[in-house]
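Accompanying notes for the structure given below.
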Amino acid sequence: MKILVDAPLNSLSLGNVSYNIIRELIDKGHEVGIWPVSNNVDLGAYDIPDYLSAKINEGVENRFDFLSEDIPSIKVWHLNGSEERKNPRQYLYTFYECNQPTEIEKKLCNAQTKTIFSSSCSADMFGAEFVPLGFDKDFFNTKKQYLQGVTHFGLMGKYEKRKHTGEIIKAWAKKYGNNNKYQLSCCVTNPFFKDEEMGHMLNACLEGERYTNINFLPYLSKNTEVNDLLNAIDIDLTGLSGGEGWNLPSFNATCLGKWSVVLNATSHKDWATKDNSILVEPTGEVESEDGKFFVKGSSFNQGTFYSVTEDQMISAMEEAEKKVGQTNTEGQELADKFTYSKTVDGILSHISKD
């Protein structure tokens, strides 16, 4: 099958998803034209085999040959911006983190040949299709020894109100701060904030205190670096986010056999269970408004995120501690249950029906 993929090719979350979808399409023998967002191709994060690099370059160079009413287009993007299409038959694979779809978002969803969401709760809100994401097969157990005699917590993802980043760090510091039997590694840089802004936010969440056992990492530009961090930690806290379209860092950590503390809401319900995660029930909801990414009254991203208390966070961290030293075999099984091969098969199944 000839397919045009209209998607970002970079090291961010959407870029990771796009790269994995393109890789699977190529490996399944499809002819793929690739239209990178903003004509920008940055694949420096990935260790790409020569055959795949050649195929991706060929797909980008020949993208104009795939402009045709007879060729379906898979667009990997947000609802905002999905109105732009290269071919008449556009299948949007998208992500949604809020819970009050606006009229414009509904119109954009319905304007596609078909819209496919990465989480079932989002798909249900829009009356659209659901195809889950998969475990990135570039991640693996390194079998290295990292910090010994220390319980190592990890927190990844952009620093955002939605993700409860500041609240998680503050709760961890309250419980474990300056106790060097414990370590927290935070990879929470946000490219939309200046360094000075990030410094102010981190200083505020720690109330001006300095801790010997909280480590703030720079942005990790290579997937091998991300894989090392996921292997180094014992417990992941990224799953405490109040609104997600999937939550790749928490999911990937769980697939690697780590113990993830996960808020039992939004897309987490598609993969996190009481057997493979430390589930935390949300206590309520908070307005999504954050003055930066979610603006009240906007045409996009309206509604609330799920909330969690500091006491709940600390209690869940303590519960996760008891699991350290035990391999999360139920979590490891997720790597076979959810694969990008199955993601692509799911997307193609909707294309073949039309």
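The values are calculated or read from the model by the stated rules, or taken from the named source; none is laboratory data. A quick note: this is a predicted structure, and the numbers were derived from the prediction, not measured. Here the Cβ is made from the backbone with ideal geometry for all residues, glycine too, and neighbour counts use every protein chain on show.
A few comments on the model shown:
- Tyr51 of a type outside the set (Val, Ile, Thr), surrounded by 14 or more Cβ atoms within 10 Å (Cβ to Cβ), at pLDDT 95 or above and farther than 29 Å from Lys353 by Cβ: no
- The lone exception for Asp354 - which of (1) free of Cβ contacts under 8 Å to residues at least 60 places away in the same chain; (2) surrounded by fewer than 16 Cβ atoms within 10 Å (Cβ to Cβ) it fails: (1)
Results for (1) farther than 20 Å from Lys175 by Cβ; (2) at pLDDT below 95; (3) assigned by TED's automatic domain parsing to the domain that holds Asn328; (4) exposed (fewer than 15 other Cβ atoms within 10 Å of the Cβ), shown as yes or no for each residue.
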site	(1), (2), (3), (4)
Asn203	no, yes, yes, yes
Glu207	no, yes, yes, yes
Ser221	yes, yes, yes, yes
Ile235	no, no, yes, no
Gly239	no, no, yes, no
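- Residue in the range 141-148 that is of a type in the set (A, V, I, L, M), in contact with a Lys or Arg (Cβ under 9 Å, 6 or more places away or on another chain) and under 30 Å from Asp336 (Cα atoms) present: no
- The single condition among (1) out of contact with any helix residue (DSSP H, G or I) (no Cβ under 7 Å at 6 or more places or on another chain); (2) surrounded by 13 or more Cβ atoms within 10 Å (Cβ to Cβ); (3) of a type in the set (Gly, Ala, Ser) that Gly29 does not satisfy is (2).
- Single residue of the range 120-145 satisfying the filter (among the aromatic types (Phe, Trp, Tyr) and outside any helix (DSSP H, G or I)) that is nearest to Asp270 (Cα to Cα): Phe130
- Test: Glu196 is more than 19 Å from the chain's Cα centre (by Cα), in a loop (DSSP other than H, G, I, E, B), surrounded by fewer than 23 Cβ atoms within 10 Å (Cβ to Cβ) and of a type in the set (D, E, K, R): no
- Flag for Tyr51 being more than 25 Å from Pro132 (Cα to Cα), without any contact (Cβ under 8 Å) to a residue 40 or more places away in the chain, out of contact with any helix residue (DSSP H, G or I) (no Cβ under 6 Å at 6 or more places or on another chain) and of a type in the set (Ser, Thr, Tyr): yes
- For the condition assigned to a helix (DSSP H, G or I), among the polar types (S, T, N, Q) and farther than 22 Å from Ser13 by Cβ, Ser299 does not qualify.
- Flag if Ile56 is under 19 Å from Ser341 (Cα atoms), over 19 Å from the mean Cα position of the chain (by Cα) and in a helix (DSSP H, G or I): yes
- Search result, residues across the range 245-277 that are surrounded by fewer than 24 Cβ atoms within 10 Å (Cβ to Cβ) and either touching an Asp or Glu at 6+ places or on another chain (Cβ under 6 Å) or within 14 Å of Glu319 (Cβ to Cβ) (or both): Gly245, Asn264, Lys274, Asp275, Asn276
- Qualifying position, being within 24 Å of Met125 (Cα to Cα), touching a strand residue (DSSP E or B) at 6+ places or on another chain (Cβ under 8 Å) and hydrophobic (A, V, I, L, M, F, W, C), among Val286, Val344, Val324, Val295: Val286
- Of everything in the range 136-185 that is crowded, with 20+ Cβ neighbours inside 10 Å and aliphatic (A, V, I, L, M), the residue that is nearest to the chain's Cα centre (by Cα) is Met156.
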